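Following: one structure in structure tokens, then a few remarks.
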Amino acid sequence: MTLTPTDVPGARPRQPTRPTAGRAVVAALRHAAPALAAYVAIKALGLAVLFLWAHFADRSAHRLLAERWDSLWYVRVVEHGYDFTLTAPDGRVLSDLAFFPLLPWLEEGLSAITPLGPADAGLAVSAVASLAAAWGIFRLVDLFYGRRAGVLTVVLWGALPVGIVQSMAYSESLFTALAAWSLYAVVRGHWPAAGLLASFAGLTRPVGLAVAAAVWAGAYLALRGTGPRADRPRILTGVLLAPLGAAGYVLWVGIREGSPLFGYLDVQGAWGNGFDGGLAFARFIGELIVDTPPAGVALAAGTVALLWLYTRGIRQGQPVPLLVYSGIVLTLALCSSGYFGSKPRLLMPAFPLLIPAAVALARAKAPVVWSVAGLLSAVAAVYGAFWLHGSGPP
């Protein structure tokens, strides 16, 4: 007869061993492998088309990705600190204080320990951050809607028409990674981590407010007993940490500008950025419909589609923190009076808007899924190359 532990006097049943942190990470990466592989393939296609286009246009694809528009402002922060202003043709004084510090800090740090210059360090940060963002998006969607929907949400995010920005020395990939993992920490009840990641997101872009608000919303539900369970001190730690990054930088800029409360708004105002409830954007759409009807109608339809996707997310029962986050990102993007050509880029971090489409696509047969993914990836690759070869910033 074979003895079991309970047959031996004084013996205790063996408890199942918990996986180590390293094994858990490896297992999670293996689970996310299809999403990450698809994302890498989409980015590789986009970069291949961009380099090919640049070759025939006799231009530098590297320069398009790392040394134009916002990328140059981040490099100036690394090289000279927050000290640079530029006078626009209309007399406005544009300050580098409009650009949040986390990306240039990372560029400076990476440049100090590698042979990379700040611009190439920015590309490296974006490359790593975009993969981290894809992984965070997958884990978050997989948690609620399953692996297939998680993979397809990553595919749709990577194949956005302006997805080439994810490969540029811009802050969108870094911000989206921090936001996705902060939201994941919220829904899992890891409050200090959620707050810390939200604080870092607040040091990356002004819309970091959306991540802090999502942490607060999740904390409110937890304290009411309707969200992830956690003890009160840990919840309050997350709540307190979440806004520190954005609030600290805005206050620092305000003090430098001589107006702690409104200094940062004045800096953004000089760039033409402000919140007007969407009046300027609505007027822009109206003028575009009159001057160029096809483009105006397409823009109006796209705006309606975004609002429809958000309402679908509500009906779908998305977790409240995700709805709060995407709702604020959407509102700030559509209701700001800044450069309208940048709105698609500003909307890129609002990945929860893609979940309803991903869930619907997940129900389709494999040939349909492959066809849609391939078509979207090809369109994004061509449009991204066309966009970066234009004269205006993305």
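Quick notes on this one:
- Dipole check for segment 19-145: with +1 at the C-beta of Lys and Arg, -1 at the C-beta of Asp and Glu, and the Cα centre as origin, the magnitude is about 560 Debye.
- For the peptides 185-196, 309-320, the ranking by packing is 185-196, 309-320, with the highest mean count of neighbouring Cβ atoms within 10 Å listed first.
- As a rough guide to protection, the peptides 358-368, 342-352 ranked by mean Cβ packing within 10 Å, highest first, stand as 342-352, 358-368.
- Taking the charge dipole of the chain about its Cα centre, with +1 at Lys and Arg Cβ atoms and -1 at Asp and Glu Cβ atoms, the residue from 32, 129, 154 reaching farthest to the positive side is 32.
- When 289, 328, 137 are compared by accessible area of protein heavy atoms, the largest-first order is 289, 328, 137, using a 1.4 Å probe.
- Under a 5 Å amide H cut-off, with hydrogens placed 1.01 Å from N, residue 275 pairs with 337 among residues at least 5 apart or on other chains.
- Under the Debye formula (equal points on every Cα, no solvent term), log10 I(q)/I(0) of segment 340-392 at q = 0.21, 0.30, 0.32 Å⁻¹: -0.94, -1.13, -1.15
- Point-charge dipole on Cβ atoms (K/R +1, D/E -1) for the chain, about Cα centre, debye to 20: 1840
- Positive-end ranking of 175, 69, 189 along the dipole of the chain, with charges on Cβ about the Cα centre, is headed by 189.
- Percent of Cα pairs in segment 66-126 per distance bin of 5 Å, from zero to the largest separation: 4, 21, 29, 22, 12, 7, 4, 1, 0.
- When each of the peptides 22-28, 129-135, 62-68 is scored by the mean number of other C-beta atoms lying within 10 Å of its residues, the order from highest to lowest reads 129-135, 62-68, 22-28.
- Over segment 211-282, equivalent-ellipsoid semi-axes from the Cα gyration tensor in Å: 32, 18, 7
- Segment 182-301, accessible surface, carbon-and-sulfur percent (1.4 angstrom probe): 68
- Using θ = phi - 60° in the Karplus curve 6.51 cos²θ - 1.76 cosθ + 1.60, the 3J(HN,Hα) couplings for segment 164-173 round to 4, 4, 5, 9, 8, 7, 10, 9, 4, 5 Hz; x is entered for Gly and Pro.
- Rounded, prolate or oblate (a/c below 1.5 giving rounded, otherwise prolate when a/b exceeds b/c) for segment 128-284 by Cα gyration tensor: oblate
- Under 5 Å from the amide H of residue 94 lie the amide H atoms of 86, 87, 88, each residue being 5 or more positions distant or on a separate chain, with H modelled from the backbone and absent for Pro and chain starts.
- In the chain, helical runs assigned H by DSSP with n ≥ 4 each contribute -39500 (n - 2.57); averaged across all residues and rounded to the nearest 500, the mean residue ellipticity at 222 nm is -22500 deg cm²/dmol.
- Across segment 238-255, rounded Karplus estimates of 3J(HN,Hα) from the backbone phi angles (6.51 cos²θ - 1.76 cosθ + 1.60, θ = phi - 60°) give x, 4, 6, 6, 3, x, 4, x, 5, 5, x, 5, 4, 5, 4, 4, x, 5 Hz, Gly and Pro being marked x.
- Here, segment 268-394 has an Rg and a Dmax of 16.3, 51 Å when only alpha carbons are counted.
- Kirkwood analysis of segment 105-205, using all unique Cα-Cα pairs, places the hydrodynamic radius at 14.1 Å.
- In the context of the full set of protein chains, the chain has a per residue accessible area of 49 Å² (1.4 Å probe).
- Only Lys, Arg, Asp and Glu carry charge here, each on its Cβ (+1 for the first two, -1 for the last two); on that basis segment 229-370 has a dipole of about 760 debye about its Cα centre.
- Scaling the Cα radius of gyration of segment 176-252 by the globular reference 2.2 N^0.38 Å produces a ratio of 0.98.
- Prolate/oblate/rounded call for segment 253-314, Cα gyration tensor, a/c under 1.5 rounded: oblate
- In the set (i) 21.6, 70; (ii) 21.1, 64; (iii) 22.8, 93, the label that goes with Rg and Dmax of the Cα atoms in Å computed for this structure is (iii).
The values are calculated or read from the model by the stated rules, or taken from the named source; none is laboratory data. Since the model is a prediction, treat every value here as computed from it, not as a measurement. Positions of Cβ are backbone-derived with ideal geometry, glycine not excepted, and every protein chain shown enters the neighbour counts. Ligands, DNA and RNA are excluded from the accessible area calculation, which covers all protein heavy atoms including side chains. Shrake-Rupley method; radii C 1.70, N 1.55, O 1.52, S 1.80 Å.
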